Every structure is written in C-alpha cells, then in structure tokens.
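See structure below.
The values are calculated or read from the model by the stated rules, or taken from the named source; none is laboratory data. A quick note: this is a predicted structure, and the numbers were derived from the prediction, not measured. Using ideal geometry, Cβ is built from the backbone for each residue, glycine included, and neighbour counts are taken over all protein chains shown. Keep in mind that these areas ignore ligands, DNA and RNA; they rest on the heavy atoms of the full protein, side chains included. Shrake-Rupley method; radii C 1.70, N 1.55, O 1.52, S 1.80 Å.
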Amino acid sequence: MAYIKERGENTYLVRITIGTDGHGKPIQKSRTFHPSKATLPKTKLKKELSAFVEAFENEYRNADNSHYESPSPQPDSASAPEVLPPALVQPMPGIIQNNDIPTFGEFCLEYKRVKQKMLSPTSWELYEKILSKYYIPMLGNLPINEIRPIHVQRVIDFFSSPIGRTDGKGPLLAPPTIRRYLTVLQSVMTLAYKQEYIESNPADTRRLEIPKIVTPEVEAFSDEEIKSILSALDEEPLNVRALIATALFTGARRGEIVGLKWDDVDFKEKQIFIRRTIIKLKDMPAIEKLPKTVSSIREIAIPELLCSILSEYKKMQDDKIALLGEKWFCGNYVFTEFDGHVMNPQTPTKQFDHFLKRHGIRHLKFHGLRHSSATLLLSHGTDIKTVSKRLGHTSIDTTNIYVHALKKTDKAAADCFDRFAKT
C-alpha cells in the first residue's frame, strides 16, 4: 500500500516500496501528485490518487527491476489511500519529484515559494541573493537531511575568512553581516524542520561557533554639530532644507520621509503622520509599501520651525505645479523628483552627502539624522518612552541603543540634588 501525505493544498507526496536491498532494507520511491482540479469532490480525488498510485507502481513493476515485490493485496476498504487534511499553504507544482528527500538546492525552490510573500521586498531581495550566491553553490547538492552542523560551520568559517569578502570593500565581513547571512540559512532549515525533512536544525546557533558582535556606539551629531547643520540649512535651496530638517526634527526613516504626502502634514495641529514607506529594488521603480512594523504607523509632533519650512516649501512646489501643468505627476508627494514622481530613496543620501561636504561638517550617513534626533531629545530630558514612540520602535528595548545620551540627563539629575541641598 502506498503512503500518501498532503504537503500542501492540492499537493500530495506519494511513496511506494519497490522491493528490498541486499540487507533487507525497503527500497522506496516518491513522487508528487497534483489533482486535475483544485476543487475536486473527495470521491473523485481518491479515484485520481488511486490511478496515480497504480500507474506509479506499474512503472516499476514493468521495468527491469529485480528488487520489485508486488504489494500485498489489500481489502476493498483500504484500496483508496488515506488523504490527510489539507494544509494552509498553496504549493506550486513540480517542486519536489522522484526523490523522497530533496537536495538543499531543490528544497530552496520550495522555500522561495513559501517565504517570498512573507518577507518584505527588500528582505526578500537580500535572501534570494545570499541563497543564489553562497548557499546553493556550497550546499546545493547535499540532501537536505544530510546537512550537519559541521557543514554550516565550514560556511561560517568561509564567511569569516578573507576569501569570504567578495565585494572588495574590506579585508573581512563584519560579524553582524555573517550573522545576517546565517539567518537566511537558519530560515531555510527551519522550514525543512517544519516540513519534517529534518529532525533538528543544523544551523542552530547553540551548535556553532560564530564571530561575536561588539555593538558599536550609535553615531550621532553633537549639539554643536546640529547647530552648525541648522545654520548651514539657511544657505541651502528650499527643497534640501525641507528634506534635512524633516529628517532631523522627526527622526523618521529615509523611506518614510520620501513616502510623505501633503495629506500627512497637519499644519494646524503641527503633526506629521507616517503611513507608508518607499522602497527601491534593483532595476525596479520605487514603490509604496506599509511601514516596517505596526508601531511604525504613527503621528509625530513637529516644531514651529519645521512647519514654517514646509509651508514655504509647499508654496514653492505649488508654483512649480502651476508652471508645469499636465507635465507634473500629481502623486501629492512632499518630496519628489523634478516632475512630481516619488523621490528615489537613494536621493536623500546623496543630497545629504553633498550638503555635509559643502559646509565642512563631519560625515555621517543620512540615517545619522535619525540617531541625532533621538540622542538630542534624550539628552535634553525627553523620556525614553516618548522618543521610542516618535521613532516607531516596537519596544523600548530597541530605543536603549541611545542610552549613552542619558548620561547628560543623569548628570543634570545629580546637579538637582546639589541645588536642593543648598536651599
């Protein structure tokens, strides 16, 4: 009798025994069955499965196979193989065939099908790149159930060596990068575990030696540097001034800033609403998506200074729209390309780099404005919960990376006791 297990909705793994080897161990073959329709009645589904199993068995019975042993006759009640309850995931046909246990490379096809819609486009682009560039060439021919911690350790050792740094940007990959690469393999093996191809995850960190991560102190501009930035903005074109000021005064992420529309700016209540983010994949146009997490959808109070800058900038943009007429793309974005289309998320980085060079200010990435916004607020007495909410962090624990900024506040607290004792 064939063994049948449903691997997903309308996809079934069929396993038959075609005989025994020289040691008396059963020789088994497996194949994937897909019904003719997704909505077959149960009786017709069983008939199709029975026909598939019979044809599968006949293929080996008629072949020149001295190991084949005809299955024992079964009662009529057992002639139709048992069908397990349907799973929740809709697989694509033809992913795993002919072998009961797929190779790592074959299983990656199943992994990509399952995970592509679960990950953000940017994360998926990274995952697919790492799988194609590293893991499939290195592990692709190994059966998924034969991968051991020693294989994973050798991959980690490769990443930790000079030859593992293939982009030419430094002598070695940083430990956080190696960990990020390992996360991709862990994700693949976790799915293999869930689908019962393996009994334990060989990429479990408890079984590996991984380079330790030393968390660097967050790089942010000092109070004096922020004052220099604000002063220098007065000499900049209004579009650059508005962009950098928005980043500094809101602490929003780059994609969130580029995704702002004028409907998200409430001049009366002095608030900005973060409702979307913009991403740009390689060789693809920029697109909108929901922010990073539920906590990232938020409202941020803004100072009068930013309201004034944005109001002036909007008037300038309105004049440009009137001038271009139908040539202007009416997407209602705050920050745009020359014709009104959404700004490429890389543009703020380039504009900020040029700005810092023009004014001789220490170079930090555009994301440094987000760090500087949080650090400035914390060091001047704003509570960490408020800062966490403004940044859109899911947990205050994430905001704790700015704990160094609390030293100034702690010193002020100590000074308070001195003042109290003198009164």
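List of remarks:
- Solvent-accessible area per residue, Å², over region 320-372 with all protein chains present [probe radius 1.4 Å]: 57
- Directionally averaged projected area (region 253-382, Cα convex hull): 9.7 nm².
- Put the Cα centre of region 215-292 next to the Cα centre of region 151-178 and the gap is 33 Å.
- Binning all Cα-Cα separations of region 101-183 at 10 Å, short to long from zero, yields these whole-percent fractions: 17, 46, 33, 4.
- Cα gyration tensor shape for region 287-335, rounded if a/c is under 1.5, else prolate or oblate: oblate
- Taking label points 7 Å from Cα along the Cα-to-Cβ direction, Lys320 and Thr293 give a separation of 3.5 nm.
- Cubic angstrom per residue, convex hull over Cα atoms of region 308-385: 146
- The stretch between Glu128 and Lys261 holds 44.7 nm of extra length on full extension. This uses 0.36 nm per residue minus the Cα-Cα distance.
- Relative intensity, log₁₀ I(q)/I(0), of region 140-219 from a Debye sum that treats every alpha carbon as a point, q = 0.10, 0.12, 0.19, 0.20 Å⁻¹: -0.28, -0.39, -0.85, -0.92
- For region 138-185, the dipole from Cβ point charges (+1 on Lys and Arg, -1 on Asp and Glu) about the Cα centre works out to 140 debye, to the nearest 20.
- The fraction of accessible area contributed by carbon and sulfur in region 233-308 is 53 percent, rounded to a whole number (1.4 Å probe; ligands and nucleic acids excluded).
- Full extension of the segment from Lys37 to Leu208, taken as 0.36 nm per residue of separation minus the current Cα-Cα distance, would add 57.0 nm.
- Principal axis extents of the C-alpha atoms in region 217-270 (largest first, rounded to whole Å): 33, 30, 21.
- Label-point separation, Phe158 to Asp234 (7 Å along Cα→Cβ), nm: 5.8
- Region 305-362: trypsin sites (Lys or Arg not before Pro) in DSSP coil with no more than 12 other Cβ atoms inside 10 Å: Arg362
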